Amino acid sequence: MAAAYSLAWDVPLHGWNTFHLDARARCLATVHDAAALPALLAEPALRNLPLMVLGAGSNVLFATERFDGCLVHLQSRSARIVGDEGDHACVRVDAGFEWDELVDWTLDQGLQGLENLALIPGQAGAAPIQNIGAYGVEVGAFIAAVHVFDRQTDAFDRLTAERCGFGYRDSVFKRAPDRRIVTAIELRLPRAGATNLSYAGLAEELAAMGGLESTPRNVAAAVRRIRRRKLPDPAVAGNAGSFFKNPVVTRAVAVELQLRFERMPVFPAATDAERKLSAAWLIEQAGWRGFRDGDAAVSAQHALVLVNLGHATGPQLLALARRVAASVQEKYGVTLEPEPRIVGATFQACPAEQLPQA
Ligand code: EPU
């Protein structure tokens with residue numbers, strides 16, 4: 001029988017992160033079957049090494065040249081229907097299944113719900129960690145349970161959605177990143193019903209596609225067109241999608257800011273006491289869109305995306321992110337938090353005196 005996991009040492013990570021940074025990892029464990037996780041974690045060679053799960057590397061910034069620990073990559077990638085409730089079905093998907101392929105697979109099964117999340121890079125196992133969301137939908141709305149290996153209790157566990165603590169780009173998995181290794185997710189998806197066109201540009205996109213009906217497949221196609229147009233392609237310019245979360249502020253702060261900056265977009269948040277601001281707008285208005293420092297840049301296509309135009313390093317991208325956040329803090333009094341996982345450094349906005357002169 002093939003080994004359930006394999007170890008590689010001193011591994012170049014260029015192909016393992018969508019920023020295409022030239023970091024290295026002391027060890028990379030490729031896990032072919034999640035049942036082997038307890039054996040892997042008991043490996044003498046890995047004793048005392050920090051472990052970090054790495055999926056497709058699409059939401060991570062390696063801020064140092066070397067990750068002196070072991071990256072764990074889960075490869076299992078089966079998906080199957082495990083429950084049928086008539087108008088809904090439950091599917092179980094291994095962590096290693098590629099997300100965008102999963103969107104198509106569910107549509108092929110006659111299941112809908114994930115169409116607004118088409119073309120998000122990454123693996124299914126990463127989806128619950130930051131509760132991926134786009135075009136008016138968050139995956140948490142469809143997650144029935146998340147299967148994990150819990151390193152605190154040393155046991156496999158199944159967390160129902162209530163235990164996952166989903167919020168905007170947030171979950172219990174993100175708040176305690178070293179505790180649980182996601183091995184599979186269960187999604188409960190409807191077989192029929194209206195698609196979600198709450199994101200303003202979606203209906204317009206369907207109209208521009210020749211007045212297409214808002215079927216799940218057409219919505220997925222529209223989302224893919226919007227993403228391809230708006231977001232830089234990591235194959236062309238390394239990036240990890242949005243680099244900052246959209247800041248959530250109190251309603252009073254949003255009202256006060258809108259009095260000062262009347263064109264500032266404001267969106268609803270989880271509670272009526274809060275509002276979500278557009279980080280992209282704040283960054284663009286602070287003059288950063290298209291700014292370039294060597295090969296580290298703020299995308300000219302979308303101000304929320306930091307890009308590696310060639311040979312930027314993790315520290316250079318992090319320094320740029322800090323400058324962007326500090327200038328938004330200074331101009332608007334709003335704190336930007338990074339969205340990707342930053343490995344090897346903590347994020348702190350740089351002091352105002354180091355800001356570039358506009
Ligand atoms: N805007 C600018 N400048 C720009 C881009 C956008 O001012 O360069 C303003 C526009 O006013 C626009 C507003 O920002 O109306 C919102 O832009 P967009 O619709 O592109 O969405 P976003 O808030 O910037 C979020 C997610 C994206 C997701 C889109 C669509 C976060 C952190 N990002 O971006 O997710 O695709 O909404 O739903 O919530 C990701 O997480 O990696 C990601 C790409």
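Using a cut-off of 22 Å between Cα atoms, the listed pairs Lys174/Lys245; Lys174/Lys331; Lys230/Lys331 include Lys174/Lys331; Lys230/Lys331 as exceeding that distance. The length gained by stretching the chain between Ser6 and Phe267 to full extension, at 0.36 nm per residue less their Cα-Cα distance, is 89.3 nm.
In this calculation the C-beta distance from Glu337 to Phe156 is compared with R0 = 35 Å, giving a FRET efficiency of 0.65. When a/c reaches 1.5 or more, the comparison of a/b and b/c decides; with that in mind, is the range 79-190 rounded, prolate or oblate per its Cα gyration tensor? Taking the square roots of the gyration eigenvalues as a ≥ b ≥ c, the range 79-190 is prolate. Anisotropy class assigned to the range 34-76 is oblate, per the alpha carbon gyration tensor with a/c at or over the 1.5 cut-off and a/b no larger than b/c.
Output the peptides 223-230, 137-144 sorted from most to least packed, where packing is the average of other Cβ atoms within 10 Å over each peptide's residues.
Values: 223-230: 15.8, 137-144: 19.9.
By packing density, highest mean first, the sequence is 137-144, 223-230.
Grab the Cα-Cα distance for Leu51 and Asp100, subtract it from 0.36 nm times how many residues apart they are, and report the gain in nm with one decimal. Walk me through the intermediate numbers first.
Numbers: separation 49, 0.36 × 49 = 17.64 nm, distance 2.64 nm.
Computed gain between Leu51 and Asp100 is 15.0 nm.
When the helices of the chain are scored as -39500 (n - 2.57) per DSSP H run of n ≥ 4 and the total is divided over every residue, the value at 222 nm lands at -6500 deg cm²/dmol. Between Ser198, Ser299, Ser58, the GNM of the chain built on Cα springs shorter than 10 angstrom shows Ser198 fluctuating the most. Cut-off 10 angstrom, C-alpha nodes, Gaussian network model of the chain. Which of His88, His73, His20 fluctuates the most? Evaluated over the chain, the most mobile residue of the options is His88. Does the range 5-74 come out rounded, prolate or oblate, given a ≥ b ≥ c as the square roots of the eigenvalues of its C-alpha gyration tensor, rounded meaning a/c under 1.5 and, failing that, prolate meaning a/b above b/c? Note, shape of the range 5-74 comes out prolate.
Of Arg151, Arg263, Arg66, which is the most mobile in a GNM of the chain whose springs link Cα atoms less than 10 angstrom apart? In the Gaussian network model the winner is Arg263.
To the nearest 0.05, how large is the calculated FRET efficiency for Glu256 and Asp33 if R₀ is 51 Å and r is the Cβ-Cβ distance? Present the calculation step by step, with values, prior to reporting the outcome.
Numbers: r = 54 Å, r/R0 = 1.07.
According to the calculation, E is roughly 0.40.
Kirkwood Rh over alpha-carbon pairs of the range 252-318, then Stokes-Einstein at 37 °C and 0.692 mPa s: what D in µm² s⁻¹, rounded to an integer? List each step's numbers first, then the result.
Numbers: Rh = 13.5 Å.
This corresponds to a translational diffusion coefficient of 244 µm²/s.
Modelled this way, with points 7 Å down the Cα-to-C-beta line, the labels at Gln109 and Val236 are 3.4 nm from one another.
Mean Kyte-Doolittle of at least -1.0 and a Cα length of 24 Å or more along the axis: which whole DSSP H helices of the chain meet both?
Working: long enough: 314-332 (27 Å, -0.03).
Span-like helices, by this rule, are 314-332.
For the chain, the antiparallel share of DSSP beta bridges with both residues in that region comes to about 80%.
Every number in this text was worked out from the coordinates using simple rules, so none of it is lab data. The structure displayed is predicted, hence computed values, not measured ones. Glycine also receives a Cβ, built like all others from the backbone with ideal geometry; neighbour counts cover every protein chain displayed.
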